[in-house]
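A.B. asks: Here you go, one structure.
The values are calculated or read from the model by the stated rules, or taken from the named source; none is laboratory data. From a predicted model like this one, the values you see are computed outputs, not experimental measurements. Note that we place each Cβ from the backbone using ideal geometry, even for glycine, and neighbour counts take in every protein chain shown. Ligands, DNA and RNA are stripped out before the accessible areas are found, and what is left, the full protein with its side chains, is counted by its heavy atoms. Shrake-Rupley method; radii C 1.70, N 1.55, O 1.52, S 1.80 Å.
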Amino acid sequence: MLSSATPKPPRVLSGIQPTGQPHLGNLLGAIRYWVEDQTVGDCYYCVVDLHGLTVPGDPAERRQASMTMATLLLAAGLDPESCTLFLQSHVPAHAQLAWLMECTASFGELARMTQFKDKTAKGGEQTARVGLFTYPCLMAADILAYDADRVPVGEDQRQHLELTRDLALRFNSTYGPTFVIPQAAIPRPGRGARIMNLADPTRKMSKTTDLPSGVVGLFDEPADIERKIKRAVTDADTGPGSVRYDREAKPGVSNLLELLATLRGEDPQRVADRYSRYGDLKADVATAVLDAVEPIQRRYRELSAQPDFVYDVLKTGAKQANAVAAATLQRAYDAIGL
Ligand code: AQP
């Protein structure tokens, strides 16, 4: 006889830092997949305000930035009826479990994290906050606290996800089965996994950047978005075959093709076949980006007028998240002998 039990939906967890203005890379590499996953998964999404402490900031601005990010996520399509949205600092188990992860990870493992190396390249390691170094342990705690099966993130987070899996496996083999081993859900190549800075397509589009002219901010004025796209760096090729998807040889053009392909649900090679001039491609990219961003901006303006609603969503979310994360923490404490 066939079992009538319905399979459990996958548990999904992801987060975003409230540092700087969210951008097109965050939307295409992560947020839009979070929105999609709501319909199939049991989803927990958080604004990772504790991670934001790895860089300096003013307390009042920090508080506002978390609310802004939560409002943006709702404007982008997160539905509090279909997912749990909360602030990381409202759930104490994240920081508590992070310590257990720090006592599971080795110094050498953390020293190999490329994001730490990249982020300290300019200012030097000596003055970097220790939190920036141990950041992947807090991220592992964020994920493991929810028994997450899948973690939708951009390509830049792959290494941190691999570390999370290693830490969970090590903890389980040392202290007995405690954590679910999560899978990274990274967009396919060419589908928004790593959107590059339009002014320097060899660098990732980032919230914290010294090249803002290449970052399409989700709060940018439509005219600015259009201008940034039209001024995107390409190359000096002209004539037949100049519009082609080749990330190594043609990073600027490939980034534009990837943007259009991701937004229109197509393959970047196919998109390339339709163009012979960079100007036409840029014009269509600008239209597609504005089609995606303007409704989010409109909804954001509506929701910003209802801060109590957003706060209530976060309060309810924290209650639900606490119930799950506290149980996992207790399991880990029991296993490790606390
Ligand atoms: N350029 C990108 N392309 C695709 N996905 C991206 N993500 C970030 N940049 C791109 C994904 O967005 C999610 C949230 O990112 P985050 O807030 O955790 O910070 P981050 O990965 O460090 O991204 P930023 O925007 O570059 O911030 P800063 O400048 O503060 O470091 C993640 O899933 C990330 O993969």
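A.B. asks: Per-residue ellipticity at 222 nm for the chain, helices alone: DSSP H runs ≥ 4 residues times -39500 (n - 2.57), over residue total, nearest 500 deg cm²/dmol?
C.D. replies: It lands at -15500 deg cm²/dmol.
A.B. asks: Using Cα pairs under 8 angstrom and six or more residues apart, how large is the relative contact order of the chain, in percent?
C.D. replies: 22
A.B. asks: Work through the residues other than THR54 whose Cβ is under 9 Å from its Cβ and net out their charges, Lys, Arg +1 and Asp, Glu -1.
C.D. replies: +2
A.B. asks: Residues of segment 66-95 with amide nitrogen under 19 Å from the 7 Å Cα-to-Cβ point of ALA323?
C.D. replies: Output list for this probe position: 79-88, 90-94.
A.B. asks: How much area per residue is accessible in the chain when the probe is 1.4 Å and only protein heavy atoms are counted (Å²)?
C.D. replies: Solvent-accessible surface per residue comes out at 48 Å².
A.B. asks: State, to one decimal in nm, how far the label point of ALA223 lies from the label point of ARG129, with both points 7 Å from Cα in the Cβ direction.
C.D. replies: 3.7
A.B. asks: Same structure again: Just read off the accessible area of LYS117 with the full protein assembly in place, 1.4 Å probe, to the nearest 10 Å².
C.D. replies: 100
A.B. asks: Starting from the Cα-Cα distance between LEU211 and THR238, subtract it from 0.36 nm times their residue separation and give me the gain in nm to one decimal.
C.D. replies: Gain on stretching LEU211 to THR238: 7.1 nm.
A.B. asks: OK, next. Not counting ligands, DNA or RNA, and with a 1.4 Å probe, what is MET196's accessible surface area in Å² rounded to the nearest 10?
C.D. replies: 10
A.B. asks: Charges only on Cβ, +1 for Lys and Arg, -1 for Asp and Glu: so what's the dipole of segment 212-301 about the Cα centre, in debye to the nearest 20?
C.D. replies: Charge dipole, segment 212-301, about its Cα centre: 180 debye, nearest 20.
A.B. asks: Given a 1.4 angstrom probe, I'd like the percentage of the accessible area of the chain that is carbon and sulfur, rounded to a whole number.
C.D. replies: Taking all protein chains in place, the chain shows 52 percent carbon and sulfur surface.
A.B. asks: Can I ask one more? Number of Lys-Lys pairs in the chain under 18 Å by Cα, sequence gap 8 or more or different chains?
C.D. replies: Eligible lysine pairs with Cα atoms under 18 Å apart amount to 13.
A.B. asks: Rounded to the nearest Å, what's the spacing between the alpha carbon centres of segment 324-338 and segment 50-109? Just the number, please.
C.D. replies: For segment 324-338 versus segment 50-109, the Cα centre distance is 20 Å.
A.B. asks: Could you compute the net charge surrounding GLU155? Neighbours are other residues with a C-beta less than 11 Å from the C-beta of GLU155; K and R count +1, D and E count -1.
C.D. replies: +4
A.B. asks: Return, in residue-number order, each cysteine of the chain whose C-beta is not under 4.7 Å from any other cysteine's C-beta.
C.D. replies: For the chain, the answer is CYS46, CYS103, CYS137, because their Cβ atoms have no other cysteine Cβ under 4.7 Å.
A.B. asks: Here's something else I'd like to know. Might you work out the accessible area of TYR275 for me, using a 1.4 Å probe with all protein chains in place, and round it to the nearest 10 Å²?
C.D. replies: Solvent-accessible area, nearest 10 Å²: 30 Å².
A.B. asks: How much net charge surrounds LYS8 when only the other residues with a Cβ under 10 Å from the Cβ of LYS8 are counted, with Lys and Arg +1 and Asp and Glu -1?
C.D. replies: -1
A.B. asks: To continue, here is another question. Once you put a point 7 Å from the Cα of GLU36 and another 7 Å from the Cα of VAL55, both along the Cβ direction, what distance in nm separates them?
C.D. replies: The answer from the label model is 2.8 nm.
A.B. asks: Oh, and also: Pull out the extension gain between GLN269 and THR202, defined as 0.36 nm times the separation in residues minus the alpha carbon to alpha carbon distance; nm, one decimal.
C.D. replies: Extra length from GLN269 to THR202 when fully extended: 22.2 nm.
A.B. asks: Related question: When the solvent-accessible surface of protein heavy atoms is calculated with a 1.4 angstrom probe, in what order do PHE133, PHE107 fall, highest first?
C.D. replies: Of PHE133, PHE107, the descending order of accessible area is PHE107, PHE133.
A.B. asks: How would GLU36, GLU61, GLU294 line up by accessible area, probe 1.4 Å, largest first?
C.D. replies: Of GLU36, GLU61, GLU294, the descending order of accessible area is GLU61, GLU36, GLU294.
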